[in-house]
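Colleague: Have a look at this one.
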């Protein structure tokens, strides 16, 4: 979408390295900036002049979060008036409030105070070049209350623009604690220009240049009516540095221009159904022209996502070639399966092919397996088997998706839902939510529920940390214990999970009169106890405890304590 102004939301511009911040502004070719006017934010008027020198031509001046009374607004604004008067070429927008719901103020009192300010202060200031905007809450219900009309009037009768925030875990609007996209739609519906005065992605796992590219992709599909976006943020914010704009992000964002030939070139990954990185493997799968359902629906009728797994465990499920073989086997199975729900009518209703649109490989491959317009039966519930995007992750039983699969799955859902085909909060389902089944197994807790809650990227980050395998050990999230060093090598090389089971403790010391120093390092597993014997030569330094001998000794009457 052309014409959207891009710039920073200033956080701590009072930091010492202001020139480094200015360099970021210039690199991203910022045309808009949002600054906080209260003196406690540390931003000085002369630095606003610097931003104007660096090319900024629209400035959002935002006051106190929850106090929008005429008195406080004037107090915060007064020291900026000389800069405002000196730069008539700049579009000045006074933004009343900042996330008032999070600030904890009563939204009706906040609305009343804003109305008083909008009625009194513009006339008192005597500066008709100033424009006025209200900042919307992060909560949809409170946003509706703020913009409501009653006996006191309506804010929309007094503002020139609307300000809103859009955050997300992986992409803008996909979660992060707010009704971002629905609030944005409501803002656009007011007919006023909409400025997204804070926007950011809380994704710690992705390199910052890729995060900036996601910003640009979102700008391409932003609703008509969005006039500018200020990305959070410029300056150091110790509480959550993941949002900090960096120079490498600025170089990416600087490619955003107002003419198509100057923008980020379209990528091949957008060519297939608007889903990044989709690999077309439709021609490699068996089809049955005489099978069903054999019907299609227009793309504009598609909505939501249903997640599936394979059911039985998939052999070698972390290998991409083995996972694709399973997809091919599933296609043969779906063709041969009798899909008729009435087994007594003597009719056999075979399938026309694989009943999943997309499969996600263990290395994060996104395999397009069927036309997305195709109606597929596998969901087993109407209307979802006609309208939803059906996604398979080739695993089964208690097997868990790889980190790469979870990331790819989130990307597909994000891209699909951001085309207007559902919302992240409501329209991603596990198969078991539509029909009695165990499907999608572990994906229900590993993906579906966190995705709907907006916490999927936190879960992926946590999973990555927990499951990190290094040369000398591994953490097992199933029991919360770590196996390291010689115990890890022995466990890994002598049968692993199948023989010994999960660790039940970390390494601990126990009394042992035969050990050097009288204490022995041991670790308990579900089916064994490992002992460390540094007095032995390799490979006999890790030995298994003689559990049978211990049990026999405990049951031998001659060994009982006589007292």
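Colleague: With each label point set 7 Å from Cα along the Cα-Cβ vector, what nm distance links residue 499 and residue 453?
Modeller: 3.8
Colleague: Ok, one more. With r as the distance between the Cβ atoms of residue 221 and residue 288 and R0 = 60 Å, compute the FRET efficiency 1/(1 + (r/R0)^6) and round to 0.05.
Modeller: After rounding, the FRET efficiency stands at 0.95.
Colleague: Points 7 angstrom from Cα along the Cβ direction at residue 248 and residue 106: gap in nanometres?
Modeller: 5.0
Colleague: Just want the ordering: 392, 115, from fewest to most Cβ atoms lying within 10 Å of their own Cβ.
Modeller: 115, 392
Colleague: For each of 308, 485, count neighbouring Cβ atoms within 10 Å of the residue's Cβ, then give the residues from fewest to most.
Modeller: Placing the least packed residue first, the sequence is 485, 308.
Colleague: Does anyone have the angle between helix 208-220 and the longest principal axis of the chain? Alpha-carbon axes, 0 to 90°, nearest 10?
Modeller: Result, in degrees: 60.
Colleague: By the gyration tensor of its Cα atoms, with a ≥ b ≥ c the square roots of the eigenvalues, what is the shape of the chain: rounded for a/c under 1.5, prolate for a/b over b/c, or oblate?
Modeller: Because a/c hits 1.5 or more and a/b fails to exceed b/c, the chain counts as oblate.
Colleague: Could you tell me the relative contact order of the chain? Use alpha-carbon pairs under 8 Å, at least six residues apart, and round to a whole percent.
Modeller: Relative contact order for the chain comes out at 10 percent.
Colleague: Restricting to bridges with both residues inside the range 147-250, how much of the DSSP beta-bridge set is antiparallel, in percent to the nearest 5?
Modeller: Roughly 10 percent of the DSSP beta bridges within the range 147-250 come out antiparallel.
Colleague: Round to the nearest 0.05 the FRET efficiency obtained for residue 479 and residue 189 when R0 = 60 Å and r is the Cβ-Cβ distance.
Modeller: Once the sixth-power term is evaluated, E becomes 0.70.
Colleague: Using the Cα atoms of the range 278-460, I'd like the radius of gyration and the largest Cα-Cα distance, Dmax, both in angstrom.
Modeller: 15.4, 51
Colleague: Per the helix-only calculation at 222 nm, which mean residue ellipticity applies to the chain, given -39500 (n - 2.57) for every DSSP H run of n ≥ 4 and division by its residues, nearest 500 deg cm²/dmol?
Modeller: Helix-only estimate at 222 nm: -8500 deg cm²/dmol.
Colleague: Report, to the nearest 10°, how far helix 403-417 tilts away from the longest principal axis of the Cα atoms in the chain, using its own Cα long axis and a range of 0 to 90°.
Modeller: 40
Colleague: Below 8 Å, C-alpha to C-alpha, sequence gap of six or more: please give me the relative contact order for the range 1-143 in percent.
Modeller: About 21 percent, as a whole number.
Colleague: A follow-up question, please. Quick check on the exposure proxy: order 357, 418, 87, 332 from fewest to most C-beta atoms within 10 angstrom.
Modeller: Going from sparsest to densest Cβ surroundings: 332, 87, 418, 357.
Colleague: Any idea what log10 I(q)/I(0) is at q = 0.10, 0.13 Å⁻¹ for the range 5-265, Debye with uniform C-alpha scatterers and no solvent?
Modeller: -0.46, -0.80
Colleague: Quick one: Debye curve from the C-alpha atoms of the range 44-132, no solvent, what's log10 I(q)/I(0) at q = 0.19, 0.20, 0.23 Å⁻¹?
Modeller: For the range 44-132, the Cα-only Debye profile gives -0.87, -0.94, -1.14.
Colleague: Helix 180-189 versus the longest principal axis of the chain: what angle, 0 to 90°, nearest 10, using Cα atoms?
Modeller: That works out to roughly 30 degrees.
Colleague: To the nearest 0.05, what FRET efficiency results for residue 120 and residue 29 with a Förster distance of 51 Å applied to their C-beta separation?
Modeller: Efficiency at R0 = 51 Å is approximately 0.85.
The numbers here are math on the coordinates, done by the rules we state, and not lab data. Note that the structure is predicted; figures quoted are calculated from it, not measured. Cβ coordinates were reconstructed from backbone atoms using ideal geometry, including for glycine residues, and neighbour counts include every protein chain displayed.
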